[in-house]
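Read the structure below first, then the notes.
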């Protein structure tokens, strides 16, 4: 199984077939809540660079601590941020 980084999506390939990809839904959550990235950074203590990278799907991993801080400020569940699409 191979992982190929794409600017906005993370693909999981098996024998050259796309099985699924993960997308971070942070931008959609921010729009729903009417909160800017800057405000979330101030409220959560997560750096603006981390939030921008997550928002543009330029990250390969996220810590549970970061997810907890984001979800606490956005009043959402941990499963609402990453989305695995088949």
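Give the residues of the range 59-83 that are at pLDDT below 90, within 9 Å of the chain's Cα centre (by Cα) and surrounded by 13 or more Cβ atoms within 10 Å (Cβ to Cβ), sorted by residue number. Selection gives 59, 62, 81, 82. Filtering the range 45-75 to residues that are touching a residue at least 40 places away in the same chain (Cβ under 8 Å) and closer than 13 Å to residue 27 by Cβ leaves 56, 57, 58, 70, 74. If the condition is being surrounded by 14 or more Cβ atoms within 10 Å (Cβ to Cβ) and either at pLDDT 95 or above or in contact with a strand residue (DSSP E or B) (Cβ under 7 Å, 6 or more places away or on another chain) (or both), then the range 19-34 contributes 21, 22, 23, 24, 25.
Filtering the range 58-86 to residues that are in contact with a helix residue (DSSP H, G or I) (Cβ under 9 Å, 6 or more places away or on another chain) and in a loop (DSSP other than H, G, I, E, B) leaves 58, 59, 62, 75, 76, 77, 81.
The values are calculated or read from the model by the stated rules, or taken from the named source; none is laboratory data. The structure presented is a predicted model; accordingly, all values stated were derived computationally and were not measured. Methodologically, a virtual Cβ is constructed for each residue, glycine included, from the backbone with ideal geometry; neighbour enumeration extends over all protein chains shown.
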